[in-house]
Amino acid sequence: MPGLQDVLDEIVAEMATRQGRGEVATYIPQLGKIDPAKFGIAVALNDGEVMTSGDAEEPFSIQSISKVFTLALALGRVGDVLWQRVGREPSGTPFNSIVQLEIEHGIPRNPFINAGAIVVSDILLAGHQPREAIGEILSFVRSVADDDSIVIDRDVAASERATGYRNVALASYLKGFGNLNHEPDLTLGVYFHHCAIAMSCRQLASAGRFLANSGRSESSGHTVVSSERARRINALMLTCGHYDGSGEFAFRVGIPGKSGVGGGIMAVVPGVASIAVWSPGLNKNGNSMLGSLALEQLTRRMNWSIFSS
Ligand code: GLU
């Protein structure tokens, strides 16, 4: 097997030569300011070692990758009754689509499209002020990453709050269908803030390790989620983690992964490692263009696809 550090360095060198890098998201104005030439990658192995290359120490907006952490937290809070309010099927529609929600009477297809993640935020808001719910999510992310320096980028949260009209529409629609227990504005406050968590590839790869390690945190030795729950979250990441590009990602990369419009992807090789990659330019499905390509190269060279024998 090739040396992992060499593979990471070669991928970074190759990505630097690429011309087509996709388009940086501009619908959240603050994200549009990011340099599209950035590229970082980190692999957190289950034995505790973290290998990095490129801009792997620079924090970026994790956006929808945060939905993996809020789902884990909400399942811990309410258990499987969560599935009465959110489905578990791939959507085949864009991340912010409202059409399916109408047809399916306000039950979002899965927890990773925006409507589903807004319901998950609503679950986490129960019994709390928005500030407390946001604090609880941040504490959870810090604990699984074993890094208390992780913060929320307030400018990104404010930028999305000022312009997130489609999410306002989704939340109002959910409320109209009786699938939101709080006022849309309060639930969206939680949602926008967890999307605005900023993390580096090193921190994100470390945070995902419990999913590669049967639900256990290697650093603390604690069980974050049960092994069955880790397996199920990985299954959802594989089938729903890249919106209407999820089939393509499974076909090309072959491991569970969750993307964000900040250009990050967190991916899991069960039993082996958690990976984070960051390249801000997105493809037409809103997933990192070079991030997906880099993961395809990595899993191929390390023989990490869950479908290989
Ligand atoms: N905060 C973003 C939104 O709601 C998340 C989308 C994403 O990262 O895919 O539009």
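Give the residues of region 169-215 that are in a helix (DSSP H, G or I) and acidic (Asp, Glu), sorted by residue number.
ASP185
Of all helices (runs of 4 or more DSSP H) completely enclosed by region 55-168, which ones contain at least 3 residues that are modelled with pLDDT of 95 or more and buried (at least 21 other Cβ atoms within 10 Å of the Cβ)?
Counting at least 3 such residues, we get 66-78, 114-125, 130-145, 154-163.
So, of the residues in region 5-37 that are more than 16 Å from the ligand (Cβ to nearest atom), without any contact (Cβ under 8 Å) to a residue 60 or more places away in the chain and outside any helix (DSSP H, G or I), which turns out to be surrounded by the fewest Cβ atoms within 10 Å (Cβ to Cβ)?
GLN19
Please specify each residue of region 68-125 satisfying the condition of being more than 13 Å from the ligand (Cβ to nearest atom), of a type in the set (A, V, I, L, M) and free of Cβ contacts under 8 Å to residues at least 60 places away in the same chain.
Selection gives ALA74, VAL78, VAL81, LEU82, VAL86, VAL99, ILE103, ILE123.
Being assigned to a loop (DSSP other than H, G, I, E, B), touching a helix residue (DSSP H, G or I) at 6+ places or on another chain (Cβ under 6 Å) and touching a residue at least 24 places away in the same chain (Cβ under 8 Å) is the requirement here; does SER274 meet it? Step through it out loud before you land on a result.
Details: assigned to a loop (DSSP other than H, G, I, E, B): no; touching a helix residue (DSSP H, G or I) at 6+ places or on another chain (Cβ under 6 Å): yes; touching a residue at least 24 places away in the same chain (Cβ under 8 Å): yes.
Taking the combined requirement at face value, the residue does not satisfy it.
Could you go through region 298-307 and let me know if any residue there is in contact with a helix residue (DSSP H, G or I) (Cβ under 7 Å, 6 or more places away or on another chain), of a type in the set (S, T, N, Q) and not in a loop (DSSP other than H, G, I, E, B).
Within region 298-307 (the criterion being in contact with a helix residue (DSSP H, G or I) (Cβ under 7 Å, 6 or more places away or on another chain), of a type in the set (S, T, N, Q) and not in a loop (DSSP other than H, G, I, E, B)), the answer is no, since none of the residues qualifies.
Just a yes or no: is a residue in region 204-221 of a type in the set (Lys, Arg), more than 15 Å from the ligand (Cβ to nearest atom) and under 14 Å from the mean Cα position of the chain (by Cα)?
yes
If I filter region 248-262 down to residues being closer than 18 Å to SER66 by Cβ and assigned to a loop (DSSP other than H, G, I, E, B), which single residue comes out as farthest from the ligand (Cβ to nearest atom)?
Going through the qualifying residues, I end up with PRO256.
Kindly indicate which of ALA235, ALA250 is free of Cβ contacts under 8 Å to residues at least 40 places away in the same chain, surrounded by fewer than 23 Cβ atoms within 10 Å (Cβ to Cβ) and in contact with a Ser or Thr (Cβ under 9 Å, 6 or more places away or on another chain).
Only one candidate passes the filter, namely ALA250.
The values are calculated or read from the model by the stated rules, or taken from the named source; none is laboratory data. Everything numeric in this text was worked out from a predicted model, so none of it was measured. So basically every Cβ, Gly included, is an ideal-geometry build from the backbone, and we count neighbours across all protein chains shown.
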